[in-house]
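Quick notes on the structure that follows.
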Amino acid sequence: ITPMRKANDGLELPATGFGTYKVNGLAGVDAVTSAIHQGYRLIDSAFNYENEGVVGRAIRESGVPRDEIIVTSKLPGRHHRHDEALLTIEESICRMGLDYIDLYLIHWPNPSQGQYVEAWEALVEARSRGLVRHIGVSNFLPGHIDLLIRDTGVTPAVNQIELHPYFQQKAQRAYDDAHGIITEAWSPLGRANQMLRDPDLRRIAAKHGISVVQTILRWHLQIGDVAIPKSLNPERQRQNLDLTAFELDDQDMADIAALDNPEGYTFAQNPHWHEEA
Ligand code: A2P
């Protein structure tokens, strides 16, 4: 029943996936296994999360057919060079113990390195070699994506960015929509602690008899992105997928739109200057 999002290259992603940042070790295997059994079919990982082995093991041992699961990993900044990027992708596949990765993203543009176009060419090559099925980016701003398209002619299928009610990324979402790029939301619950106490979100949640987290995730569903909430708790994992029995009305959506604070709340990590190795 989860709606699907479609990208320019035919990729289809469920509107809710499972994030795995800081999901590590054997407890991590249990968490990802439980998420798959709760019904998650999109699992988000990254080379730099140091949990590709955990995610791959949970997928392999889940009993769910491989082709029903979409697994994501991401290229770290220190391996943007063409040959290193391809080797890193091969390493990701080996760590996961899988034959291919469904979706591979450049994790950060790291603009001062000036290598993300070269990295993108490597991802295009990895796709043509069948190492990965779909390719995209993360934390890219419109200017960065413009350059990829100009220099390679290949538009990303996905852009994964920080996105939540306090930081709604309207301009970036409009850009992504215009290019057939699926916008994925990392940190979809924002600074969860603060946002869970937000009086407007609490009022809307109470009105519908749902939790604040469900209110936020239902908002993501209705604005058309893909949210990847993380929870180690199976009951919360289930709750975070249970988003179709209620609907936010126009007034609720307008009230949440008013929580956007692009001047007061800036990026947790602004890709203009934040770079990750
Ligand atoms: P827990 O793992 O104990 O469920 P983010 O993705 O922005 O980092 O937020 C993840 C945090 O939100 C985790 O600490 C997780 O805690 C918490 N969380 C996820 N789903 C829920 C939920 N349905 N209710 C309350 N907290 C949640």
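Here are a few things to note about the model shown:
- Taken over the stretch 193-238, the criterion of being within 24 Å of L103 (Cα to Cα), near the ligand (Cβ under 8 Å from one of its atoms) and surrounded by fewer than 20 Cβ atoms within 10 Å (Cβ to Cβ) is satisfied by L232 alone.
- Unmet criterion (only one of (1) modelled with pLDDT of 95 or more; (2) surrounded by 20 or more Cβ atoms within 10 Å (Cβ to Cβ)) for E247: (2)
- When Q160 is tested against (1) surrounded by fewer than 24 Cβ atoms within 10 Å (Cβ to Cβ); (2) under 30 Å from V212 (Cβ atoms), only condition (1) is not met.
- One residue stands out among those in the stretch 166-187 that are buried (at least 20 other Cβ atoms within 10 Å of the Cβ) and under 17 Å from A258 (Cα atoms): the one that is nearest to the ligand (Cβ to nearest atom), which is F167.
- Restricting attention to the stretch 17-38, the residues being β-branched (V, I, T) and away from the ligand (no atom under 11 Å from the Cβ) number 4.
- Among the residues of the stretch 41-73, those that are crowded, with 24+ Cβ neighbours inside 10 Å and charged (D, E, K, R) comprise D44, E52.
- Test: residue in the stretch 115-132 that is of a type outside the set (K, R) and within 16 Å of the ligand (Cβ to nearest atom): no
Residue-by-condition table, conditions (1) under 27 Å from H274 (Cβ atoms); (2) β-branched (V, I, T):
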position: I36; (1), (2): no, yes
position: N48; (1), (2): yes, no
position: V54; (1), (2): yes, yes
position: P76; (1), (2): yes, no
position: E90; (1), (2): no, no
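The values are calculated or read from the model by the stated rules, or taken from the named source; none is laboratory data. This structure is a prediction, so every number in the text was calculated from the model and none was measured. Don't worry about glycine lacking a Cβ; one is built from the backbone with ideal geometry, like all the others, and counts go over all protein chains shown.
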